[in-house]
Amino acid sequence: MSKVRERNESAWLLPNDGTRTNHGLRRDMRRFDDTDEIDLVVVGCGAGGSVLTQRLAREGWSVVALDAGPFWDPDRDWVSDEADSHRLYWTEPRVIDGADPVPLGSNNSGRGVGGSMVHYAGYTPRFHPSDFETFTRDGVGADWPLSYPDLKDYYAAIEEELPVAGEAWPWGDPHIYPHRPHPVGGNGEIFLRGAEKAGITAKVGPVAIVNGRFGNRPHCIYRGFCLQGCKVNAKASPLITHIPDALAHGAEVRPDSMVTRIEVDERTGLATGVHYVRDGISRFQRARMVAVAGYSIETPRLLLNSASKRFPDGLCNDFDQVGRYLMVQGAPQTAGRFDAEVRMYKSPPPEVSSEQFYETDPSRPYKRGFSIQTVSPLPITWAEHVAAQGHWGGKLREYMSDYVHWSCLGALCEFLPEPDNRVTLADEKDRHGLPVAKFSYTKGDNDKQLMKAAQAVMEDILHAAGADEVITIDRYAHLVGGARMAADERHGVVDAECRTFAVPNLFITDGSVLPTQGSANPALTIMAVAARAADRLKGSTR
Amino acid sequence: MSADRFPGFDVLSQRKHWDPVTAGVVLERISNVRDFRFFTPDEQAIATVLCDRLLGQDGDDRIPVAAMIDARLAEEQTDGWRYADMPEDGQAWRDTLAALREDGFADATEKEQDAQIQAVQDADDKWHGLPAARVWSLWTRYACTAFYAHPDAWTEIGFSGPAYPRGYKNAGVDRREPFEVRDHQPGEDPVR
């Protein structure tokens, strides 16, 4: 593999004077007209859309990447404050339903250039080889139309570009990381101590936070506000890892542009561009190819809202696959109380993880597994934990005053894909007059068993570390699926190259194409899948 | 509340170390609580009592939780999503405050008010036609988000607040920055 700077110069295109945004690069970026038939228009500048944009801009393609949200400037737009970070989240109206409705917004939905990676914790584990064939191995979930070796080189490439810091990784396909593991704070220390005593292997990482200088990105300052957007440029998001290089190679990023519909020519059956609204004005960007990367709620919604005479039930929805098999991970968090001060807010929340329970254990009644990671909630989020125990009034305040004594772990449980966990269109409309997404979710029995098992392991670790009390809050994390890849159009929306079965020049390059999710945070895999799709596209005619 | 656990600690004393954008939003939060715009005066009266009870506020220096919620709803800074069996958040607040009014919440004694609040938390199913658990979640989510956004609450729990551009140098169990204050009642686990 060539040196990372030769492949992706983003980190060297950022300023090195203590500010975080290369304003000149943005001001001077190439701009296209709506009437230009560009090579590719990308919908959404998150993990998948940004990588695709950068890769193809480097190939000389004319690419415009639209994003519904702003083109962030970390200096001006982001704060070291929980409450004021709501603008980082997708907060347009949505309806949640099912037996186990999944709250959206802050927890799992991004907005603006960089997408959800602006406010993700920073964990970037790979999927395990087993994740690509859960049906064959375990009789649950689905097999991917590609396998781990197909993604391996892309994982390694993206790990260098972010870059990822961590210990040598013993799980899945064992591998090493380009940056050394970060020193740990109180929470990581507790996890490592407890795990060792409980006989569980835990490792520092893998986190996409630079350890040392990387290009013009400075070292992490361990301020703990990773989930509020990194003002330091230390934590990776596409805003700083792929977009600068894309601009330097002639791509245009067009922020504040909400795509409302994909246009498909009835005669040729090909996509011709996208309708979008910018500054209240409806526009149409022509393009030879369209890639949708709006994530697991907005991507299916856009397809469903792009119904036409040819596609009466929604674009690419001939076989009722759009919006289905949407997954969240069960993400219970268990906290332990220590007489010593942990002050878990001092360090990035992502520090230490264990994948020891990731794979199916034949001695257990459930299939698949879970991972465990440090999480370190800040006060507002911590108050949710305390309120979830039923406390309110003076009791809640007293309990909260104990904040510095708590350590907190989180699990990611591999919930299985189910057809009825899906996005449909609700009756209500957003301010553009478009039906909003309705996301329905119900846990299965295997899912519930995983939640319990993960909680028990976290309690064991915290007790082993010396906790005198443990509390747990049940919650969910991440979104993937909703327009999954499959071997054929009866089982999914796109093929292994992310090309839709129904429209040959329409691609989906975001988390919605994932058929399973493992117990891994999805960002790295979304980027790797998009990088692979870009590689395949390079060889094709534009 | 228990006595001061972090004597001498005042997160605002560190404000000179905050970046200007963060200092701007946090200081505006404490110095410039706006007039009520979303709640009607009737709703305001009930919301103020409800939020103060939910957070055990009965002294003089109260964090203006209801006003902070009002600002959030007026500016539509909600999370966007709503449960299928609930109205959107602003309407849900109006509906639940109207329900409390119907129950005579405003004129009840503190003890009665606490009992009425407890009844919502304890309800198995519906409360005034709405799923009680969702009502409870709405109230506590908004009230806690407002309260723990306030520097006085950070001081109360020993949290060091905004940390850019300074960051931290002394992370780890029982390690503190020079400006952080040790908990003076470390064994006082409130539920032990």
Inside region A:409-435, the number of residues satisfying the requirement of being surrounded by 24 or more Cβ atoms within 10 Å (Cβ to Cβ) and within 14 Å of another protein chain (Cβ to nearest Cβ) is 1
Tell me the residue from B:LEU97, B:LEU130, B:LEU73, B:LEU55 that is at pLDDT 95 or above, over 30 Å from A:ASP430 (Cα atoms) and buried (at least 16 other Cβ atoms within 10 Å of the Cβ), please. B:LEU55
Residues in region A:156-199 that are of a type in the set (Gly, Ala, Ser) and assigned to a loop (DSSP other than H, G, I, E, B) total 5
In region A:205-238, which residue that is aromatic (Phe, Trp, Tyr) and within 14 Å of chain B (Cβ to nearest Cβ) is nearest to A:ALA165 (Cα to Cα)? A:TYR222
Just to verify a result, which residue in region A:393-406, among those that are touching a Lys or Arg at 6+ places or on another chain (Cβ under 8 Å) and either of a type in the set (A, V, I, L, M, F, W, C) or touching a residue at least 12 places away in the same chain (Cβ under 8 Å) (or both), is farthest from the other protein chains (Cβ to nearest Cβ)? A:TRP406
Any idea how many residues of region A:450-504 are outside any strand (DSSP E or B), of a type in the set (D, E, K, R) and either within 14 Å of another protein chain (Cβ to nearest Cβ) or within 20 Å of the chain's Cα centre (by Cα) (or both)? 5
Is it fair to say A:LEU146 is at pLDDT 95 or above, in a loop (DSSP other than H, G, I, E, B) and within 25 Å of A:LEU52 (Cβ to Cβ)? yes
Regarding A:PRO70, is this residue in contact with a Pro (Cβ under 7 Å, 6 or more places away or on another chain) and more than 24 Å from A:PRO504 (Cα to Cα)? yes
Out of B:LEU50, B:LEU55, which single residue is touching a residue at least 12 places away in the same chain (Cβ under 8 Å) and more than 9 Å from chain A (Cβ to nearest Cβ)? B:LEU50
From A:ALA57, A:ALA65, which residue is in contact with a Cys (Cβ under 8 Å, 6 or more places away or on another chain) and either among the hydrophobic types (A, V, I, L, M, F, W, C) or in a loop (DSSP other than H, G, I, E, B) (or both)? A:ALA65
What number goes with the only condition from (1) outside any loop (DSSP other than H, G, I, E, B); (2) crowded, with 21+ Cβ neighbours inside 10 Å; (3) charged (D, E, K, R) that A:ASP81 does not pass? (1)
May I ask you to list the residues in region A:85-114 that are closer than 17 Å to A:LEU326 by Cβ and not in a loop (DSSP other than H, G, I, E, B)? A:ARG94, A:VAL95, A:ILE96, A:ASP97, A:GLY105, A:ASN107, A:GLY110
Restricting attention to region B:10-39, which residues are closer than 23 Å to B:VAL181 by Cα and of a type outside the set (D, E, K, R)? B:VAL11, B:LEU12, B:SER13, B:GLN14, B:HIS17, B:TRP18, B:THR22, B:ALA23, B:VAL26, B:LEU27, B:ILE30
Would it be correct to say that A:ASP17 is surrounded by fewer than 22 Cβ atoms within 10 Å (Cβ to Cβ) and closer than 30 Å to A:THR272 by Cβ? no
Scan region A:392-413 residue by residue and report those that are of a type outside the set (A, V, I, L, M, F, W, C), over 13 Å from A:PRO379 (Cα atoms) and in a loop (DSSP other than H, G, I, E, B). A:GLY393
Determine whether region A:413-431 contains at least one residue that is of a type in the set (Gly, Ala, Ser) and within 19 Å of the chain's Cα centre (by Cα). no
Out of all the residues in region A:279-311, which are in contact with a Gly (Cβ under 6 Å, 6 or more places away or on another chain), within 21 Å of A:VAL529 (Cα to Cα) and of a type in the set (Gly, Ala, Ser)? A:ALA293, A:GLY294, A:SER296
Six or more apart or on different chains, Cβ atoms under 7 Å: show the pairs whose first residue is in region A:366-381 and away from every other protein chain (no Cβ under 11 Å) and touching a residue at least 60 places away in the same chain (Cβ under 8 Å) and whose second is of a type in the set (Gly, Ala, Ser) and part of a loop (DSSP other than H, G, I, E, B). A:GLY369/A:SER519; A:PHE370/A:SER519; A:SER371/A:SER519; A:SER371/A:ALA520
Do the conditions hold for B:ALA106, that is, is it small (Gly, Ala, Ser), under 23 Å from the mean Cα position of the chain (by Cα), within 7 Å of another protein chain (Cβ to nearest Cβ) and in a loop (DSSP other than H, G, I, E, B)? no
Residues B:ILE46, B:ILE69: which one is of a type in the set (A, V, I, L, M) and in contact with a Leu (Cβ under 6 Å, 6 or more places away or on another chain)? B:ILE46
Criterion: closer than 17 Å to A:ASN521 by Cα and more than 14 Å from chain B (Cβ to nearest Cβ) - qualifying residue of A:GLY110, A:GLY115, A:GLY141: A:GLY115
Residue hits (region B:154-190; at the interface with another protein chain (Cβ under 7 Å from one of its Cβ atoms) and either touching a His at 6+ places or on another chain (Cβ under 6 Å) or on the phi > 0 side of the Ramachandran plot (or both)) are B:GLY158, B:GLY167, B:GLY172, B:ASP174
Any hit, region A:334-344, residues being touching an Asp or Glu at 6+ places or on another chain (Cβ under 7 Å), basic (Lys, Arg) and over 25 Å from A:HIS86 (Cβ atoms): yes
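One line per residue, one yes/no per condition, for (1) out of contact with any Asp or Glu (no Cβ under 6 Å at 6 or more places or on another chain); (2) farther than 13 Å from A:GLU359 by Cβ; (3) not aliphatic (A, V, I, L, M):
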residue: A:VAL118; (1), (2), (3): yes, yes, no
residue: A:PRO125; (1), (2), (3): yes, yes, yes
residue: A:PHE135; (1), (2), (3): no, yes, yes
residue: A:TYR148; (1), (2), (3): yes, yes, yes
residue: A:TYR155; (1), (2), (3): yes, yes, yes
Given the criteria basic (Lys, Arg), crowded, with 18+ Cβ neighbours inside 10 Å, modelled with pLDDT of 95 or more and in contact with a helix residue (DSSP H, G or I) (Cβ under 7 Å, 6 or more places away or on another chain), does A:ARG94 qualify? yes
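The values are calculated or read from the model by the stated rules, or taken from the named source; none is laboratory data. Nothing here was measured: the structure is a model prediction, and the numbers come from that model. Positions of Cβ are backbone-derived with ideal geometry, glycine not excepted, and every protein chain shown enters the neighbour counts.
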